[in-house]
Amino acid sequence: MRTIISLPAVETPSLMLREIEARDAAAFCNFMMQEDYQRFIAIRFNRPGDIAAFVGRAVSRQTDERRGVFHLAAEEKPTGEAIGDGFLIIGRPGSVEVGWGLHPAMWQMGLGTEIGRALLGLAFERLGARQAWCKVMSGNTASARLAQRIGMMHAATHPEYPVAAGQHGKVDVFAITAEAYFESGY
């Protein structure tokens, strides 16, 4: 019998990153439907019902012993409200894709960096990744800088990368090895 993988909550200076809960749907609507948030993501939710369905799927996957996708809420500690999100996707053996999003009102406050660092910690320290990587949509200079700030290096540019079902776009791939992660300072 396989064991269900669950991720512990991770506390950062300003946030608590934890597995998504059903109560997060309304808070996710507050930022996921904003045009600025949607500008550089492939899968866009246009209705509250779509976000509620996404949250429901993420919660139901938490008990699947074959799970390889982890969606997290980034909860602001003072308010207890989800103001961002993150994901980890286990790919080929030893490789984990990470990704993050943040309420546009919270940009340029260092919170994206906190989310990114916490995701790398989970990828390497909990999931045993040998490499973590992310894809950044063309033109998303803020996420490219964030990837570099958390220690990731530019690995490749793909002009026609499959970003969602039936969609292709130019992306930059950033990556970091477990060795580089563990050698870097906290």
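Overview of values
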quantity: Top-ranked residue of region 12-24 - restricted to ones that are in contact (Cβ under 8 Å) with a residue 24 or more places away in the chain and more than 15 Å from G101 (Cα to Cα), ranked as most open to solvent (accessible area, probe 1.4 Å); calculated: P13
quantity: Top-ranked residue in region 165-182 [being within 12 Å of F124 (Cα to Cα) and of a type outside the set (F, W, Y); ranked as surrounded by the fewest Cβ atoms within 10 Å (Cβ to Cβ)]; calculated: E179
quantity: Top-ranked residue of region 148-186 - restricted to ones that are in contact with a Gly (Cβ under 7 Å, 6 or more places away or on another chain) and among the aliphatic types (A, V, I, L, M), ranked as farthest from L102 (Cα to Cα); calculated: A180
quantity: Positions within region 29-44 being more than 10 Å from G101 (Cβ to Cβ), assigned to a helix (DSSP H, G or I) and modelled with pLDDT under 85, in sequence order; calculated: none
quantity: Number of the exception - E76 against (1) farther than 21 Å from I150 by Cα; (2) of a type outside the set (F, W, Y); (3) over 13 Å from the mean Cα position of the chain (by Cα); calculated: (1)
quantity: Contacts under 9 angstrom Cβ, first residue in region 69-98 being over 16 Å from I43 (Cβ atoms) and open to solvent by 40 Å² or more (accessible area, probe 1.4 Å), partner outside any strand (DSSP E or B) and among the basic types (K, R), 6 or more apart; calculated: I90/R67; P93/R130
quantity: Residues (assigned to a loop (DSSP other than H, G, I, E, B), among the hydrophobic types (A, V, I, L, M, F, W, C) and under 14 Å from the mean Cα position of the chain (by Cα)) located in region 102-160; calculated: I150
quantity: Residue that is surrounded by the fewest Cβ atoms within 10 Å (Cβ to Cβ) [pool: residues in region 133-159 that are small (G, A, S) and touching a residue at least 40 places away in the same chain (Cβ under 8 Å)]; calculated: G139
quantity: Scan of region 45-68 for residues that are closer than 17 Å to L102 by Cβ and part of a loop (DSSP other than H, G, I, E, B), ordered by number; calculated: F45
quantity: Pick from region 39-54, criterion under 14 Å from the mean Cα position of the chain (by Cα) and not small (G, A, S), ranking: most open to solvent (accessible area, probe 1.4 Å); calculated: I43
quantity: Close pairs from region 167-186: first assigned to a strand (DSSP E or B), partner of a type in the set (D, E, K, R) and surrounded by 17 or more Cβ atoms within 10 Å (Cβ to Cβ), Cβ under 9 Å, at least 6 apart; calculated: V171/K135; D172/K135; V173/K135; F174/K135
quantity: Condition broken by R61, with the remaining ones in (1) at pLDDT 90 or above; (2) under 15 Å from G84 (Cβ atoms) satisfied; calculated: (2)
quantity: Residue list for region 15-40, restricted to those being touching a helix residue (DSSP H, G or I) at 6+ places or on another chain (Cβ under 6 Å) and over 14 Å from P104 (Cβ atoms); calculated: L15, L17, I20, A22, D24, A25
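The values are calculated or read from the model by the stated rules, or taken from the named source; none is laboratory data. All figures in this text were calculated on a predicted structure; none of them were measured in a lab. Positions of Cβ are backbone-derived with ideal geometry, glycine not excepted, and every protein chain shown enters the neighbour counts. Protein only, heavy atoms only, side chains kept; ligands, DNA and RNA dropped before computing areas. Shrake-Rupley method; radii C 1.70, N 1.55, O 1.52, S 1.80 Å.
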